[in-house]
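Quick notes on the structure that follows.
The values are calculated or read from the model by the stated rules, or taken from the named source; none is laboratory data. Since the structure is predicted, the reported quantities are computational estimates derived from the model, not experimental observations. All Cβ positions, even for glycine, are placed from backbone atoms using ideal geometry, and neighbour counts span all protein chains on display.
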Amino acid sequence: MTEPVRESSALTQLRRGVLEHCVLALLESGERYGYDLVGELSAAGLVASEGTIYPLLSRLRKGGLVATTWRDSPDGPQRRYYSATPEGSAALADFRASWQAFRSSVDTILATERNRS
């Protein structure tokens with residue numbers, strides 16, 4: 001029997017570090033229902049369950065980076081929709097600028113180390 005593939009702790013930490021900004025990036029184009037966010041992030045391989053996203057959305061809301069509205073649903077109870085606040089958009093812009101420089105630095109070091117081997 002084969003053992004399940006375990007995700008490396010490095011990959012787990014990378015995901016945790018960028019997930020909130022990925023949520024903000026998805027909200028940049030407009031408001032979304034939480035379950036829709038889960039689906040998109042799951043499809044991208046960034047989350048495995050709703051249990052990761054809803055606490056994150058709560059932290060973003062408490063931090064003023066996202067706003068929420070409740071809407072009636074044709075399929076049942078009201079749904080909470082999330083949208084980026086101006087502060088959330090500014091945080092995303094800051095992250096994008098930092099990410100470019102950070103990614104470039106990491107890529108340079110990884111390529112240098114590989115070429116030395």
### Summary
The condition from (1) of a type outside the set (Lys, Arg); (2) touching a residue at least 12 places away in the same chain (Cβ under 8 Å); (3) at negative phi that Gly30 misses is numbered (3)
#### Entry: Residues of segment 62-91 classified as closer than 15 Å to Cys22 by Cα and basic (Lys, Arg), total
0
### Which numbered condition Leu46 misses (of (1) under 17 Å from Leu14 (Cβ atoms); (2) among the aliphatic types (A, V, I, L, M); (3) surrounded by fewer than 15 Cβ atoms within 10 Å (Cβ to Cβ))
(3)
### Query
If we only count helices (runs of 4 or more DSSP H) wholly inside the chain, which ones have 3 or more residues that are charged (D, E, K, R) and at pLDDT 90 or above?
50-62, 86-116
### Query
Inside segment 64-86, can you point out the residues that are without any contact (Cβ under 8 Å) to a residue 24 or more places away in the chain and surrounded by fewer than 17 Cβ atoms within 10 Å (Cβ to Cβ)?
Thr68, Trp70, Arg71, Asp72, Ser73, Pro74, Asp75, Gly76, Pro77, Gln78, Pro86
#### Entry: Criterion violated by Trp99 - all others in (1) surrounded by 12 or more Cβ atoms within 10 Å (Cβ to Cβ); (2) of a type outside the set (S, T, N, Q); (3) more than 19 Å from Leu46 (Cβ to Cβ) satisfied
(3)
